[in-house]
1. Residue separation times 0.36 nm, minus the C-alpha to C-alpha distance between Leu51 and Ser83: what's the value?
2. When only C-alpha pairs under 8 Å and at least 6 residues apart count, what is the relative contact order of the range 7-82, in percent?
3. What distance in nm separates the two pseudo spin-label positions at Met18 and Ala64, each 7 Å out from Cα along the beta-carbon direction?
4. Just name one of Leu78, Cys37, Leu53: the one whose Cα is farthest towards the positive end of the charge dipole of the chain (beta-carbon charges, Lys/Arg +1, Asp/Glu -1).
5. Given R₀ = 41 Å, FRET efficiency for Thr71-Tyr38 by Cβ-Cβ distance, to 0.05?
6. Amide H of Glu7: which non-local residues (sequence gap of 5 or more, or other chain) have their own amide H closer than 5 Å, using H built in the peptide plane?
7. When averaged across all projection directions, what area in nm² does the alpha-carbon convex hull of the chain cover?
8. Show that you can apply the helix-only estimate: for the chain, add -39,500 (n - 2.57) for every DSSP H stretch of four or more residues, divide by all residues, and state [θ] at 222 nm to the nearest 500.
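Any read-out appearing in this document is the output of simple, stated calculations on the displayed coordinates, not a laboratory observation. Just so it is clear, the structure is predicted and the values come from calculations on it, not from any experiment. Backbone-built Cβ (ideal geometry, glycine too); neighbour counts: all protein chains shown.
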Amino acid sequence: MKLAAVENPRLNARRVLMRRINGAVMFLLAVDFYILCYADTSAAVGATLVLALFALMMLLLLFALADLRLTRQLRDELKNRNS
């Protein structure tokens, strides 16, 4: 079953946008890991990359938690419809 059939279109569009942004964040996380592991950088650049790594991981976590919140709201809404 597709979510678009049962979910509010505005919330579904928000969920799609969040997942696309989260995909971009994962790509940037991979680039950051690659640069940290294979590039010969100075200590200042390395420290900046590590901070960027932590920031990207926090952003990834925030988007995942927001997606879980929307999923919980959808589940509760469907449960209320069926009862």
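1. Length gained between Leu51 and Ser83: 6.7 nm.
2. 44 percent
3. With each label point 7 Å from Cα toward Cβ, the separation is 1.4 nm.
4. Leu78
5. About 0.65, to the nearest 0.05.
6. Answer set, sorted by chain and number: none.
7. Computed as one quarter of the Cα hull surface, the answer is 6.3 nm².
8. Value at 222 nm, helices only: -31500 deg cm²/dmol.
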